[in-house]
Amino acid sequence: MERLRKLWRGRTVTFGVPLLLYLVGGSFGLREFAQIRYDVHKLHGKVDPALKEKLKQNTVTLESEYEKLKGADLDNWENIRGPRLWEDSRTVQQQRREAARLKKE
């Protein structure tokens, strides 16, 4: 009996066994939650056929996007600073308009 009490008070039983139980139990619990996730995805993952047809018709290719960008003038651009969180966007826009008007004059 004394030996069993000594064993029970040891670090292995006090810390190691609960740790192993949490690790093994956690892996089984995660497996169940992951399975629920995949089951729900199977049920709700079906796409409406009309939407599927619309997505097939609206195909965008790399070549079409390249043709759009080819006509754009990428060498002449102006860096425009957006308003900060604490600034009023209307005030900043008015200041920019004033600066642009003065620049033209």
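Every number in this text was worked out from the coordinates using simple rules, so none of it is lab data. Values in this document were obtained by computation on a predicted structure and should not be read as measured data. Note that each Cβ is placed from the backbone with ideal geometry, even for glycine, and that neighbours are counted across all protein chains shown.
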**Request:** Considering only Val47, Val60, Val17, give the residue with the highest GNM mean-square fluctuation for the chain, with springs between Cα atoms whenever their separation is below 10 Å.
**Result:** Val17
**Fill in**
So the FRET efficiency between Val47 and Lys68, C-beta based with R0 = 22 Å and rounded to 0.05, is 0.20
**Asked** Most fluctuating residue of Glu78, Glu32, Glu63 in a GNM of the chain with Cα springs under 10 Å: which is it?
**Response** Glu78
**Prompt:** Here are several values of mean projected area of the Cα convex hull in nm²: (i) 11.6; (ii) 18.8; (iii) 7.1. Which one was derived from the coordinates shown?
**Reply:** (ii)
**Request:** Using a 10 Å Cβ count of at most 15 others and DSSP loop calls, identify the longest part of the chain lacking such chymotrypsin sites (Phe, Trp or Tyr not before Pro).
**Result:** 1-76
**Prompt:** With θ set to phi - 60° and the Karplus curve 6.51 cos²θ - 1.76 cosθ + 1.60, what are the ³J(HN,Hα) couplings of segment 26-36 in order, to the nearest whole Hz, using x for Gly and Pro?
**Reply:** x, 5, 5, x, 5, 4, 5, 5, 5, 5, 4
**Message:** If I stretch the segment between Val24 and Asn58 completely, what's the gain in nm (0.36 nm per residue apart, minus their alpha carbon distance), one decimal?
**Reply:** 7.4 nm
**Request:** Just flag the trypsin sites (Lys or Arg not before Pro) in segment 1-65 sitting in loop per DSSP whose Cβ has no more than 11 other Cβ atoms within 10 Å.
**Result:** Lys46
**Message:** Running a GNM on the chain with Cα contacts under 10 Å, which residue among Asp75, Asp48, Asp88 ends up with the highest mean-square fluctuation?
**Reply:** Asp88
